[in-house]
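Notes follow the structure.
No value in this document is a laboratory result; all are computed from the given coordinates. Not measured: the values here are computed from a predicted model. Neighbour counts are summed over all protein chains in view; Cβ atoms, including those assigned to glycine, are modelled from backbone coordinates with ideal geometry.
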Amino acid sequence: MIASLSDTTRLNNGVNMPWLGLGVWKVENGGTVAQTVKSAIRLGYRSIDTAAVYGNETGVGQGIRECGVPRDELFITTKVWNSEQGYDSTLAAFDASLEKLGLDYVDLYLVHWPVKGKYLETWRALTHLYKSGRVKAIGVSNFQIHHLEDIIRETGVIPAVNQVEFHPYLTQKPLLAFCKDQGIQLEAWSPLAQGALTSHPVLDEIGAKYGKSASQVILRWDLQNGVVTIPKTVTESRLKENADIFDFVLSPSDMEAIDALNRNERKGSDPDNFNF
């Protein structure tokens, strides 16, 4: 039972990762993202997820420095972008991200997309960073089962996390089952389908039973599926709402009703067919 904002999942290398965090995709760099990070941390969030391509690592770092919470109580994620993939370029990209963040280490470093012909060497670079102690855990993002099988077979190193698009329109049951079997923590980006599911008749009806919004129902569904979730927002009221999901439990029938919304519909790109 995941009962509070401070609850964590134990990754396959023993590192504890919060179940709920803040995503900052498309949040403006500088004061906007710094203030959002500080607001989230003040409300009890301890996990912040950014990426090199978001262009806001500097502001995230500012928020971390100004938040008043010790660094070792926070869980910071960033990612290597596609144009920087490859062994040596990934190591350089990590150094650049660390400098922008103003940190000595990150808690989780991810391969942002499985760039064909590059992601294996990128993964080898991440394993090097992990062994160096500058990263507490390493993982991937947007990897399908065959990508995961590939890096595990070729390197023998199982990712701690796979961050993917995951919401009621894209339930990814086979991928979730594979990750659970391999001890890989699945993490949801765009858990509200980029806003498409903030209201839906089925979700609204379920939410009414618990006095919760459709968004809160989805985030709770994530947790009860054993999926870490990182909804994005810049408003304090929504930060509070997103965190108010620990005082109810969805029934098995409600979980099934949400699962039944699946359309295998992506709001983002297909990991097997992208060109960036």
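Annotations for the structure displayed:
- A Cβ-based charge dipole, computed about the Cα centre of the chain with Lys and Arg at +1 and Asp and Glu at -1, lands at about 240 debye.
- Footprinting exposure proxy for D247, D49, D72 (fewest neighbouring C-beta atoms within 10 Å first): D72, D247, D49
- With 10 Å bins from 0: P(r) over the range 122-276, alpha-carbon pairs, percent: 10, 37, 32, 17, 4
- Positive-end extreme of charge dipole, the chain - chosen from V80, L43, P271 (charges on Cβ): L43
- Here the Karplus curve 6.51 cos²θ - 1.76 cosθ + 1.60, taken at θ = phi - 60°, turns the phi angles of the range 271-276 into couplings of x, 9, 7, 9, 9, 9 Hz, with x standing for Gly and Pro.
- Distance violations [Cα-Cα > 27 Å] among K26/K180; K79/K116; K100/K212; K100/K232; K118/K232: K26/K180; K100/K212; K118/K232
- The convex hull drawn around the Cα atoms of the range 2-122, when projected onto a plane and averaged over every direction, covers 7.7 nm².
- Annotation for the range 1-48: trypsin sites (Lys or Arg not before Pro) lying in DSSP loop with at most 14 further Cβ atoms inside 10 Å of their Cβ are K26.
- Gain on full extension, evaluated as 0.36 nm per residue between M1 and T198 minus their Cα-Cα distance, stands at 68.5 nm.
- Spatial separation of Cα centroids for the range 79-151 and the range 202-276, in angstrom: 27 Å
- C-alpha center-to-center spacing [the range 1-28, the range 30-54] in angstrom: 13 Å
- For the range 225-235, putting each phi into the Karplus relation 6.51 cos²θ - 1.76 cosθ + 1.60 with θ = phi - 60° gives couplings of 8, x, 10, 5, 9, 9, x, 9, 7, 10, 9 Hz, in residue order, rounded to whole numbers and with x for Gly and Pro.
- Loop GluC sites (Glu not before Pro), the range 58-166 (other Cβ atoms within 10 Å of the site Cβ: 14 or fewer; DSSP): none
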